[in-house]
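To start, the structure under review is shown below, and the notes come after it.
Derivation of every value follows stated rules applied to the coordinates shown; laboratory data play no part. Just so you know, these numbers come straight off a predicted model, no measurement behind them. All Cβ positions, even for glycine, are placed from backbone atoms using ideal geometry, and neighbour counts span all protein chains on display.
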Amino acid sequence: MSKTFFIRTMGCQMNVADSDLVAQQLIERGFLLTENVNEADIIIVNTCTVRQHAEARALSYIGDLKKLILSATSATETLADRESSADPHKPKSRKIIVMGCVASRLKDELKKKFPFIDDVIPANEIEKVSEVLEKHYDCLTSNLSNKTFSEFVTITRGCSNFCSYCIVPYVRGPEESRPVIKILLDIEKLTNSGKHEITLLGQNVNSYNSNGTDFADLILKINDISEINKLGFMTSHPKDMSDKIIDAIASCEKIPHQIHLPLQSGSDKILKLMNRHYTKEKYLTIIGKLKKKIPDVKFTTDIIVGFPDETEKDFNDTLEIVKEVNFASAFTFKYSPRENTKAFFMKDDVPMSIKKERLARLNALLKIESKKDVR
Ligand code: SF4
């Protein structure tokens, strides 16, 4: 009888894509996906640590799994009893695997905190999930399937940008561009399974480069695939949004006219402290070029308020850009320090009350701007 697995995914689209990849690998090895955590032989938790709150949520979920294991049959049965159980459908066969960014950050600490975890797999080693399961289950069948779950295609892994507030480079490792041939094979698999709208994923897709094929070359190539109807990508980084990429985006008719371009702050001083490597002027120049080439283009963005040393003037610079660009929507956040990042060692000197107040003002302005049609 096939073993079942359940995946709980937390965090960003990269995690969603990673979970899909793992699910695909497991199905190819004869495991069955279940939506019911209670009946799963393998429980995989794909975690996020981008903010302290996300990490706390992941740890709380893992903690709750212990209750689930203990309550699955009898409240008096201990984990040790179960480990010695002869019944293969008892929890002796149930494995808990934690993967993703919390796994990268805390590694063995996780196992110490939650001894019932069987394996911890860092975000940059997800290919190991099926290897790890082969260690636990020796009767795997090879039932290669063409099933795909999402329309996401990862083009780069990791990140080498070290924005000063961000933990991703520490937990996902340096940026690596996947070879074009592998990306095209993934796309072929998707189109063969009936998916014709794809989204290319990477922490910074604009810096993609595999043996001289850059992001512009890649999107032009994919745009030419007749089975693809719609081509999205995320996330762009203004520092790497070259004229060549802008021209390519404008000439790919399959790319929707809505582009996500993280701003983070409208203040040059704060952008420098954030290590973003662009200025307000460069950001607005990119927006202007895209608007010129794609007159009906809309933009979405990410903005952080209350970064260390953000004054009222710096915050007003952000509001000015919001008015100028007329974003369709935005993900907005209050800054919170992440351990060991460069910003962690800066004084978190904007009081929480001011962060909240700025966030409310920003969101109110975004709401007004998103309703305007200024084209
Ligand atoms: S580009 Fe910056 S914000 Fe994005 S993942 Fe890399 S370090 Fe983090």
Nonlocal amide H pairs with Phe233, under 5 Å, H built at 1.01 Å: Leu200
³J(HN,Hα) computed for each position of segment 3-20 - Karplus, 6.51 cos²θ - 1.76 cosθ + 1.60, integer Hz, glycine/proline x: 6, 10, 9, 10, 10, 9, 10, 10, x, 7, 5, 4, 5, 4, 5, 5, 5, 4
Treat every Asp and Glu Cβ in segment 257-375 as -1 and every Lys and Arg Cβ as +1, leave all other atoms uncharged, and give the resulting dipole magnitude about the Cα centre to the nearest 20 debye. 420
Label points 7 Å out from Cα along the Cβ direction at Lys367 and Lys182: separation in nm? 4.5
In debye to the nearest 20, the charge dipole size for segment 6-59, taken about the Cα centre with +1 at each Lys and Arg Cβ and -1 at each Asp and Glu Cβ, equals 220
Can you list the lysines whose alpha carbon is less than 17 Å from that of Lys347, not counting same-chain residues fewer than 8 positions off? Lys269, Lys272, Lys334, Lys355
Count the DSSP beta bridges whose two residues both fall in the chain, then state the antiparallel fraction as a percent rounded to the nearest 5. 10
Cα gyration tensor, segment 272-329 - rounded (a/c under 1.5), prolate or oblate: prolate
Taking the Cα-to-Cβ direction at Glu197 and at Ser251 and moving 7 Å from each Cα, how far apart do the two end points lie in nm? 2.6
Once phi for every residue in segment 300-317 is put through the Karplus expression 6.51 cos²θ - 1.76 cosθ + 1.60 (θ = phi - 60°), the whole-Hz ³J(HN,Hα) values, with Gly and Pro written as x, are 10, 8, 10, 9, 10, 10, x, 5, x, 6, 6, 8, 4, 5, 4, 5, 5, 4
Which of Ile259, Leu366, Ile228 sits farthest toward the positive end of the charge dipole of segment 228-375, with +1 on the Cβ of Lys and Arg and -1 on the Cβ of Asp and Glu? Ile228
Take the Cα pairs of segment 257-375, get the Kirkwood Rh, then feed it into Stokes-Einstein at 25 °C and 0.890 mPa s and tell me D in µm²/s. 167
Within the chain: Cβ-based charge dipole about Cα centre, in debye rounded to nearest 20 (Lys, Arg +1; Asp, Glu -1): 840
In nm, what is the difference between 0.36 nm times the number of residues separating Leu220 and Lys292 and their Cα-Cα distance? 24.0 nm
Among the listed pairs Lys195/Lys221; Lys244/Lys367; Lys291/Lys323; Lys291/Lys313, which have their C-alpha atoms separated by more than 23 angstrom in this model? Lys244/Lys367; Lys291/Lys313
Take the alpha carbon atoms of segment 283-303, find their center, do the same for segment 330-372, and report the distance between the two centers in whole angstrom. 22
Summed side-chain charge close to Asn161 - residues other than Asn161 whose Cβ falls under 13 Å, Lys, Arg +1, Asp, Glu -1: +2
Yeah, segment 151-256 with a ≥ b ≥ c from its alpha-carbon gyration tensor (a/c under 1.5 is rounded, else prolate when a/b outruns b/c, oblate otherwise) is prolate
Return the FRET efficiency for the residue pair Leu32, His277: r is the Cβ-Cβ distance, R0 is 51 Å, and the value is rounded to the nearest 0.05. 0.65
How much length, in nm to one decimal, is gained on full extension between Glu357 and Lys313, taken as 0.36 nm per residue of separation minus their Cα-Cα distance? 14.4 nm
Rounded, prolate or oblate, given the Cα gyration tensor of the chain, with a/c below 1.5 counting as rounded? oblate
Find how many whole Å separate the alpha carbon centroid of segment 32-52 from the alpha carbon centroid of segment 146-198. 21
